[in-house]
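The values are calculated or read from the model by the stated rules, or taken from the named source; none is laboratory data. Model, not experiment: these values are computed from the prediction. Cβ atoms come from the backbone with ideal geometry, glycine included; neighbour counts cover every protein chain shown. With ligands, DNA and RNA removed, areas are computed over all heavy atoms of the protein, side chains included. Shrake-Rupley method; radii C 1.70, N 1.55, O 1.52, S 1.80 Å.
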2 protein chains.
Amino acid sequence: MQVQNQEEKENKDLLSGSKLTIADIAEELGVSKTTVSRAISGKGRIGKDTVQRVIECIEKYNYKPSSIAKGLANSKTYNIGVAFPADANLSSTPFFQVCLLGVCEVAAAMDYDVVVTTVKETDINLLKRIVDHNKVDGMILTRNFTNDIATEYLKQKGIPFVLVGSSEDDTVVQVDNNHREACEKLVSLLLADGVGRIALIAGDKKHIVNRSRCEGYYNALKNRGVDIEQDMVFSDCDSPVFIEQAVRYLLKKQTECIVCTDDVICAKVLSLLREEGYSVPGDMKVASFYDSVHLETNNPPVTAIGIDVEELGNVAGKRLIEIINGDISTHKTILDYEIHLRRSTQ
Amino acid sequence: MQVQNQEEKENKDLLSGSKLTIADIAEELGVSKTTVSRAISGKGRIGKDTVQRVIECIEKYNYKPSSIAKGLANSKTYNIGVAFPADANLSSTPFFQVCLLGVCEVAAAMDYDVVVTTVKETDINLLKRIVDHNKVDGMILTRNFTNDIATEYLKQKGIPFVLVGSSEDDTVVQVDNNHREACEKLVSLLLADGVGRIALIAGDKKHIVNRSRCEGYYNALKNRGVDIEQDMVFSDCDSPVFIEQAVRYLLKKQTECIVCTDDVICAKVLSLLREEGYSVPGDMKVASFYDSVHLETNNPPVTAIGIDVEELGNVAGKRLIEIINGDISTHKTILDYEIHLRRSTQ
DNA sequence: CTGAAAGCGCTTACAG
DNA sequence: CTGAAAGCGCTTACAG
């Protein structure tokens, strides 16, 4: 008899319509909702054995508190937002995807969920939407432009947010790698190795990250007392057409090595060189940033700055939730990078 | 005086602490909350001019209803979930990223937001998390295995969900391209063009989508009366190492054309052929699926089945919200594909 | 240590 | 056409 009874109840949560509430648990246990709530949250004075009983009951019936109701009561959503660039050439870089993964992981571990929204350089309506409707307790931005309107908006709103990337604005909490330093070291290493005539093909300069990498390149040359030849630096060189022009020009200029500010550019450069019958590193050395699997498994393996994008998402999520919880957070977190010297520059 | 007063109020929504509620609007207008609610939702009888006044007031103060409170009252969350594979070689394919983008767009347009979660082939705890905690009104799955535990779980829960992909289970709502047919047509076209000795390099067979593509390949050969040579078909050939073995073997076998079931495989194949000094299409023809930008801008451009992944996300999102709203939905939506015959097979 | 009651910001049946 | 009141499922100050 007792067994049957138990089975019946255990089936309760399997029935689609009948979601269990805190009241059901309270009733079952013959205590008040207050008590159940306290046992779950651990807040307020409450008897040890009572907690035990409540916990057991909750597990028995597989009760899950409604986080939406909890949110209403606390004026919180237990959601964090992640803004995904809808205008980037997303289709070619997995950066945002992997970063999002990192955020999801850490969020779940801290009992938060992740709401995604998209932003464009000149259109942040969808971002405003989730913020204005109170769908999230905070936001993560995954890139930064000069004069970034998303950053501006969130600052003005006063909502907690974290930037994956760098900003000159000290008031925004940032998580990033030191791209300037990384590029500087990479180029310095190449120079020290005797590689000369190093060119740079860089992406959109409106992205802070590309600026930083360029800076690093210039610094390395300066520090080594190498003359900077402006025509060996291609900025805003994102499209396949521009990259092709750049490569053709550089081939004529007796360039010895091309440093690319990201893997998408690098993939195109490698592809062009092969088409034209130039060998890497024999005829041209190549190095890149970010180090997607693609570069590592390339033949020859490509020298690159490796950054842990998932970790970037992890830390950004953690920082944001800290801020939401009122903990003070470091204003800028710099994560490590690795320089992988591989055959493409040897 | 009046102007100043107005400015003061307009500032209200800028102040961080003081979120406007429906009560504020009601008070301001001297009506009841009921009336304001009705004016916004358009439900129930209500005076035209009253609606007008309410709308104006709402806009003036930039009032945004809290969707979390709305959700509690309606037992809805106004969120849909998207499950992101955390174990896929995400870093190499932008498929999920672009699909997610498509879902986000359509969701926002239908006043829903998107919560992401990750799933692994053998671990759907994070999926369970958002479902059990009532964070979403429905789910979108972005891939399907044979014996998919995520599908199984959602079915058993009875929560609305849509699969981007195909399933033999007629009770699940599906959005997909006809991969079998697409592959069949592609291979048939090649055969009709006089291309012979067509090999296939296919990814993980546990993915339904890879099975379908393989089927299409076999069908095309059968229909044309071409003998199928089993050693020209490589299944479960996902890793760079396996792909390399396959390509080397096929080169010895006088293969004329390699069809790849996805772009990641294709990129690796192209790269290998170049390294070994084989020219495409001269020494070997190559065709692929999905048609990322990478293939189109390749030199030579690569023949491929083009599918609109963003559209896939769009339709999946729309279908899901329809189901949530109680509209009956078609059980299977088949989207178009395009066959791009390009130089790599000519 | 425990509970009754008010409140979070909406919606909606019921009564006018 | 409009409003008072109850309710969605939680939390928490207040009282015991």
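If you plug the beta carbon distance of residue B:60 and residue B:224 into 1/(1 + (r/R0)^6) with R0 = 56 Å, you get a FRET efficiency near 0.20.
Ranked from largest to smallest solvent-accessible area, with a 1.4 Å probe on the protein heavy atoms, B:38, B:342, A:180 come out as B:38, A:180, B:342. Using Cα-Cα distances under 8 Å and only pairs 6 or more residues apart, what relative contact order does chain B have, in percent? Result for chain B is 16 percent. Each copy carries a label point for residue A:56 at 7 Å from Cα along the beta-carbon vector; from one copy to the others these points are 6.4 nm apart, nearest first. Legend: P(r) of the protein assembly as shown from all alpha carbon pair distances, 20 Å bins from 0, whole percents, reading 16, 44, 31, 9, 0. Amide H to amide H distances under 5 Å link residue A:258 with A:199, A:285, A:286, A:287, where only residues 5 or more positions off or on other chains count and H is placed in the peptide plane. Scanning residues 5 or more positions from residue A:143 or on other chains, those with amide H under 5 Å from its amide H are A:164, with H placed 1.01 Å from N in the peptide plane. For the range A:113-118, the Karplus equation 6.51 cos²θ - 1.76 cosθ + 1.60, evaluated at θ = phi - 60°, returns couplings of 10, 10, 9, 9, 9, 10 Hz by residue, with Gly and Pro reported as x.
Length gained on full extension, residue A:23 to residue A:146: 39.1 nm, using 0.36 nm per residue less the C-alpha separation. Report relative contact order for the range A:213-346 in percent, whole number only (criteria: Cα-Cα under 8 Å, sequence separation at least 6). Relative CO of the range A:213-346 lands at 21 percent.
Legend: distances between Cα atoms for B:185/B:318; B:185/B:206; A:64/B:19; B:157/B:332; B:76/B:135; A:135/A:206; pairs beyond 19 Å are B:185/B:318; B:185/B:206; A:64/B:19; B:157/B:332; A:135/A:206.
The longest stretch of chain A left intact once loop-based GluC sites (Glu not before Pro) with at most 15 other Cβ atoms within 10 Å are removed from consideration, loops following DSSP, is A:1-167. Across A:48, A:318, A:206, mean-square fluctuation computed from a Gaussian network of chain A (C-alpha pairs under 10 Å connected) peaks at A:48. With the full set of protein chains in place, find how many percent of the accessible area of the protein assembly as shown is carbon and sulfur; take the probe as 1.4 Å. Answer for the protein assembly as shown: carbon and sulfur cover 48 percent of the accessible area. Modelled spin-label separation between residue B:52 and residue B:169, with each label point placed 7 Å from Cα along the Cα-to-Cβ direction: 5.4 nm. Across the range B:244-251, coupling constants 3J(HN,Hα) worked out from phi with the 6.51/-1.76/1.60 Karplus curve, θ = phi - 60°, read 4, 4, 4, 4, 4, 4, 5, 4 Hz, and Gly and Pro carry x.
Accessible surface buried by the B/A pair amounts to about 5000 Å², both sides summed, 1.4 Å probe.
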